[in-house]
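Presented below is the structure to which this report refers.
Every number here is computed from the coordinates shown, using simple stated rules; none is lab data. All values reported here derive from a predicted model rather than from experimental measurement. Cβ sites come from the backbone with ideal geometry, for glycine too, and all protein chains shown count toward neighbours.
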Amino acid sequence: MAVVIVPNACRGLTGSERVTQAAVNVAGLLRALDARYPGFAEALGPRFAVSIDGVIHGNADYERIEDDAEVAFLPPIAGG
Amino acid sequence: MTTNGKYKWVGTRPIRHDGVDKVIGKANYGADLSFPDMLWGKLLRSPHAHANIKRIDVSKALKIDGVKAVLTAKDLPDLASQAAEGGEGHGGDFRDISLNCMARDKVVYHGHAVAAVAATSQDIADLALAAIEVEYEVLKPVLSIDAALAKDAPILHPGLRTKGVKPDSVPTNVASRVQFGKGDIAKGFSEAEYVIERTYRTQTVHQGYIEPHAVVARTNADGQSIVWCCTQGAFMVRSYCAAVLGLDVGQLKVIPSEIGGGFGGKTTVYTEPIAIALSRKTGRPVKMVMSREDVFRATGPAGAATVEIKLGAKKDGTLVAAQSRMWFEAGGFPGSPVGAGAMTVFAAYDIPHSAIEGFDVVTTKPKTAAYRAPGAPQAAFGMEQALDELAAELRIDPIDLRIKNAAKEGVQAPYGAKFSRVGFVDTLEAAKKHPHYRAPLGPNQGRGIASGFWFNVGMQSSAEVHLAEDGAATVITGNPDIGGSRASMAICAAEELGIDVAKVRPIVGDTDTAGYCDLTGGSRVTYATGMAVIEASRDVIRQLRERAAKMWGCDVALVEFSEGRCQPVKGSGVENDPLTVAQIAAAAGKTGGPINGRAQVNPPAAGPGFATHLCDVQVDPDTGRVDVIRYTTIQDAGKAVHPSYVEGQMQGGASQGIGWALNEEYVFDKHGVMENAGFLDYRMPVASDLPMIDTVVLEIANPLHPYGVRGVGEVPIVPPLATVANAVKNATGVRMTDLPISPPKLLAALQARS
C-alpha cells in the first residue's frame, strides 16, 4: 500500500494528512482515491505534479507506484 | 569520459561556440530580420488602466494609403477558457492569453492592446493608429493588493470566482487560494517559547532583459506561417499561437532568433499571434518590434506581494511552528506564482508544524509573467528576514540558526515531497567558513546573510547528434540558448563521444527541424536537454560499435567504446587496431550510411537547488543611499558542466536580486499609468553599481543525472532581497520590511528612528 500525503485541498475529504492506498500507477491511485473520497479529483484540479518517494514528476499519470511508495500531489511546477 | 572516471570536458571552460558572433555583433536577434516586401505591424494601446470598450471604429485608418490591414479582437477566435500547457505553468489560460494579446470588451491595464495595423512603413502605421477611434467607459483602477481586496473594490472580471474557496458564488478579484502545511499549527505555536510575527511587502519589478520582444511572420502560399521571434520556447510559441488563432499546429513554423535575455519574461506570447494574423490577412511578411516603453507597460513583470510570516521557536533556536499568508498580484489576468511562493517559503527548513495560505489577486497592472524562481524571492524576503530577527533576539549566529533547522535528506517539505540528498547545509557551512563572513566592517557598514530554495524542473526534451565524415558532431536541440546552453550541450556530446569540444557544433533548431522541447526555463536545459544530448550521443556510440564490428567482421559484443575509440574487448580474440570516431565516420558510407543519434526524455524534476548569500553594504546616513561593497554567492550546482556559465548565473541572479532589493519598482500614478517606463527612471543595477560578485560552486551530485547536474539559473535570485535587507538592518539598526530600500524610503526610516 502506498502512503499518500494528502494535499490540503483534499484533507476535508479524507479527514487526515495521510492515507494508504494500493494502486499500480498514479492515474489508478487518483481513481481509487476519488472513488473512496468522492470529490478528491475535483478538489485536486486537472493540473498537478506528483512526488513519488521524493522525486517530482510533471506528467505522472503512468508513473508506477511501488507498494511502499510515498506519494504526494503537488501543484504543477515550472519556472522562469 | 576517460577510463579513470574523471571527466575530460565536463567542468572545463571552452569558449562558447556562439560567443564570437555575439561579441562582434553578427548574431541575429529578434529585430534583425527584414524582408523586401515586409509590412510594419503596430499596436494601439489603451490610455486607461481599467475601462470597458464601447466601440472601435477603424474605417478612417483603413482609408490611409499604405495601410494594408487593421485588426481587432473581432478578427480573432473568441476562445473558451482552456488551460495552457507548455508555458510557464502558473495557471495560464488560453482565453486570458488571447485577451492579453488583444483586448476584446475590456482593458485591464494601461498599455493593453486594443487594435493592430499593418502598413508599408512605421510612420504610416503610426498615422493609422492615430486614426482609430476607440470609445471607452473608464473605470476605477485597482492598483494594489489592498485595493483589490477592499469590500467595494471594482471587479476586473465579473465572472471570476475564487478557486479553492467554497462557496464560490461571489464576484471577486481573488482568483484562487492555495494551502499547504503539515502537523498541527496550534500545537506547534503552543510549544514555542518565542514567537515572531511580521508582514513584508515587495513591489512589481521587471526582468529587465536587454532585448525587447520582436517578431516577423510570413505566410507561405501553402498556408503555413513562418515565425521568427525571440522567445524562450519556440514550441511554446507554436502551440500558444495555434490556440489563440484557431490554427493547426502544422500551420505554424517557429524559428527562434538569438535571445537577449528572458529570465522567464519570454515564456508566453504577446505580439507573435498578432503578427501572424496580420501576415495571414495581408499575405505579406509583418514585423513587430516592441519599444522599451512597450516592454514595461505591456509585458509581464514579477508582481508585487504581501507576505505575512509567523515563526515559533524554542529558546535554543529550534523552529517548532511556521505560518504564512501571502497575496501575490497577478496583474490583469489570473496566474501569479503564489503557489510556488507558498511551496517555497518554509521549504528549506525542517519545521514540524506549518500552515501556509496563498492568494492570487488580479489588479489593473500588466499581466505578470515568470521571473527566475517565480514566487520564491518574494516569499524568501519575508522568511529570511524573520529568521534574521529571530537569530538576533535569541543571540544565535544567523548561519548557525539556519544550520540547526536546515532541511536535510528525508525531511518532508510543507508541500508534501520528501527531500533526497540536498546541499543546503553544505552552502551554510561554506558561508560560515568563507573569509567574507569574518572580514571586519567599517562605520555605517553591515553584513547580511540569507538563503534560498528552488525546485528545478525536468520536462520534455529531444536531441539529435549527427556525425560528419570527419568525425565532427552536430548537436541539434530545440531550446533557445539564454545562458550558455549551447556550450553545455557541446560539452556533454564531447564528453560522451570523446572528441574535441571544438569539433561539436551545437545548433538551436526550429519547430520543424528539432524534436519537441519544452521551453527554456525552470533551470532545466543543462539538466534535461543535456540528458537528451547524452542519450543521443550514446545512441551514436551504439552505432559506432556496430560499424566497427562490421569493419572487423566480429560480433558487436566484442567491441567496446572508450575515450573516442572503438577497440576490441580485452581477451575477445579480436586483434584489430582501435578505430577513432573520425575513422569510423569516414567509412560510414561503406558500413550502413550516415551515423545519427537521437533521444527524447521526460525526466523528473532535477531536485532542489539551494544557495546562501553574504552581502556587505555601506549606508550613507545623510541620504539613505545603500552601496553594496562586497557580495558572495554560494550554491550547490550538483555538477558545473561549464563553470563559467554557472558562475554567470549566480552573479546575474544576485545582481537582479540586488536591484529588486534596492531600487526597482513600477511607479503608477493614481490613474494606473506607469510613470517610469524606461531604464532612465526604472533603475536597474549596472556593472559600475556593483562589486565583483564572488562565487563558490559546490557540487553535491544529483543522483537523477548521469553527471550529477542540478539546475542553477533560478535559485541565485531567491536570497538577495533578504540578504541586502539583513545587511541594511545590521548597518543601521533599521529593519526594512517594504521594498525597495530606496534612498528616500531608507532615509525616512532613519529619520523616524532618530
* To do: State the Cα centre-to-centre distance between region B:535-568 and region B:697-712 in whole Å.
  => 28 Å
* Determine, for B:Glu357, B:Glu191, B:Glu137, the number of other Cβ atoms within 10 Å of each Cβ, and report the residues in order from fewest to most. => B:Glu137, B:Glu191, B:Glu357
* Structure fact -> Within region B:405-420, the residues whose backbone N lies under 17 Å from a label point placed 7 Å from the Cα of B:Glu191 along the Cα-to-Cβ direction are B:405-408, B:411-414
* From the backbone phi of region B:8-23, what are the Karplus-calculated ³J(HN,Hα) couplings (6.51 cos²θ - 1.76 cosθ + 1.60, θ = phi - 60°) in whole Hz, Gly and Pro given as x? -> 8, 10, 5, x, 9, 10, x, 5, 5, 5, 9, x, 4, 4, 6, 5
* Structure fact -> Taking a crude spin-label model, label points 7 Å out from Cα along the C-beta direction, the A:Arg18 to B:Gln179 distance in nm is 2.1 nm
* Provide B:Ser169, B:Ser354 in ascending order of the number of other Cβ atoms located within 10 Å of each residue's Cβ, fewest first. => B:Ser169, B:Ser354
* Structure fact -> The long-range amide H neighbours of B:Ala69, using H built 1.01 Å from N in the peptide plane and a cut-off of under 5 Å, are B:Ala118
* How long are the three semi-axes of the equivalent ellipsoid for chain B, computed from the Cα gyration tensor as the root of 5 times each eigenvalue, in whole Å, largest first? -> 42, 38, 22
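Apply 1/(1 + (r/R0)^6) to the Cβ-Cβ distance of B:Asn602 and B:Leu680, taking R0 = 60 Å, and write down the FRET efficiency to the nearest 0.05. Walk me through the intermediate numbers first.
Working: r = 45 Å, r/R0 = 0.75.
Efficiency, rounded to the nearest 0.05: 0.85.
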* How do B:Asp689, B:Asp37 line up, fewest other C-beta atoms within 10 Å first? -> B:Asp37, B:Asp689
* Can you check what the Kirkwood hydrodynamic radius comes to for region B:472-555, Cα pairs only, in Å to one decimal? => 13.5 Å
* Expressed in nm to one decimal, what extension gain is obtained for the pair A:Arg31 and A:Val3 from 0.36 nm per residue of sequence separation less their Cα-Cα distance? -> 8.6 nm
* To do: Quick one: give the max-minus-min coordinate of the C-alpha atoms of region B:625-722 along each principal axis, largest first, in Å.
  => 54, 29, 21
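Considering only DSSP beta bridges whose two residues both sit in the protein assembly as shown, what percent are antiparallel, to the nearest 5? Mind dumping the intermediate values first?
Values: 106 of 140 bridges.
About 75 percent, rounded to the nearest 5.
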* Asked: Taking the protein assembly as shown on its own, what percent of its Cα-Cα pair distances exceed 50 Å?
  -> 18 percent
* In peptide A:65-76, how many Cβ atoms from other protein chains are near each Cβ within 10 Å, on average? -> 4
* Applying the Karplus parametrisation 6.51 cos²θ - 1.76 cosθ + 1.60 with θ = phi - 60° to the phi angles of region B:182-194, what ³J(HN,Hα) value in whole Hz is obtained for each residue in order, glycine and proline being reported as x? -> 8, x, 10, 5, 5, 4, x, 5, 5, 8, 6, 9, 8
* Label-point separation, B:Thr474 to B:Lys54 (7 Å along Cα→Cβ), nm -> 6.0 nm
* Asked: Which cross-chain or sequence-distant (5 or more) residues have an amide H under 5 Å from the amide H of B:Ala468, H modelled 1.01 Å from N in plane?
  -> B:Ala473, B:Thr474
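Over all directions, what mean area does the Cα convex hull of region B:516-641 project, stated in square nanometres?
In nm², the orientation-averaged hull projection of region B:516-641 is 13.3.
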* Inter-label distance for B:Asp738 and B:Arg421, nm, one decimal - labels placed 7 Å from Cα along Cα-to-Cβ -> 4.7 nm
* Asked: Mean projection of the alpha-carbon convex hull of chain A over all orientations, in nm²?
  -> 4.9 nm²
* Cα centroid separation - region B:291-307 against region B:95-132, whole Å -> 18 Å
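Region B:346-463: percent of C-alpha pairs farther apart than 19 Å?
On the way: 4101 of 6903 pairs.
When every Cα pair of region B:346-463 is considered, 59 percent fall beyond 19 Å.
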* Please report the relative contact order for chain B, taking Cα pairs under 8 Å with a sequence separation of at least 6, and give it as a percent rounded to a whole number. => 15 percent
* Separation between Cα centres of region B:134-171 and region B:353-401, rounded to whole Å -> 26 Å
* Asked: What shape does region B:31-88 take by its C-alpha gyration tensor, where a ≥ b ≥ c are the square roots of the eigenvalues and a/c under 1.5 counts as rounded, a/b above b/c as prolate, and the rest as oblate?
  -> oblate
* Structure fact -> Sequence order, region A:64-71: Karplus ³J(HN,Hα) from phi using 6.51 cos²θ - 1.76 cosθ + 1.60, θ = phi - 60°, Hz rounded, Gly and Pro as x, gives 6, 10, 6, 4, 9, 5, 10, 10
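Where nothing but the Cβ of Lys and Arg (+1) and of Asp and Glu (-1) is charged, how large is the charge dipole of region B:186-249 around its Cα centre, in debye to the nearest 20?
On the way: 5 positive and 6 negative charges, 25 e Å.
Dipole of region B:186-249, to the nearest 20 debye: 120 debye.
Starting from the Kirkwood radius over alpha-carbon pairs of region B:587-626, derive D by Stokes-Einstein at 37 °C in a medium of 0.692 mPa s and give it in µm² s⁻¹.
Details: Rh = 17.3 Å.
So the translational diffusion coefficient is about 190 µm²/s.
Just to confirm the filter: which GluC sites (Glu not before Pro) across chain A are DSSP coil and have at most 12 other Cβ within 10 angstrom of their Cβ?
Numbers: sites: A:Glu17, A:Glu42, A:Glu63, A:Glu66, A:Glu70; in loops: A:Glu17, A:Glu63, A:Glu66.
Answer by residue number: A:Glu66.
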* Considering only chain B, percent of DSSP beta bridges that pair antiparallel, nearest 5 -> 75 percent
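Run through the DSSP bridge list for region B:404-513 and note the antiparallel percent, rounded to the nearest 5. If you can, show how the numbers build up before the last one.
Details: 6 of 11 bridges.
Restricted to region B:404-513, the bridges split so that about 55 percent are antiparallel.
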* **About the Cα centre, charge dipole magnitude for region B:8-126 (Lys/Arg +1, Asp/Glu -1 at Cβ), debye** => 200 debye
* Would you mind calculating the gained length between B:Ser644 and B:Asp37 on full extension (0.36 nm times residue separation, minus the Cα-Cα distance), in nm to one decimal? => 214.2 nm
* To do: Please work out, to two decimal places, the log10 of the ratio I(q)/I(0) at q = 0.25, 0.31 Å⁻¹ from a Debye calculation in which every Cα of region B:703-754 carries one identical scatterer.
  => -0.95, -1.20
* Dipole of region B:355-457, positive direction: furthest Cα of B:Phe381, B:Val425, B:Val362, with charges on the beta-carbon -> B:Val425
* Structure fact -> Plugging the Cβ-Cβ distance of B:Asp168 and B:Ile403 into 1/(1 + (r/R0)^6) at R0 = 45 Å yields, to the nearest 0.05, a FRET efficiency of 0.55
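Can you figure out the FRET efficiency of B:Arg161 with B:Val138, using R₀ = 22 Å and their beta-carbon distance, to the nearest 0.05?
0.30
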* Under unit Cβ charges (Lys, Arg +1; Asp, Glu -1), what dipole magnitude, rounded to 20 debye, does chain B have relative to its Cα centre? -> 460 debye
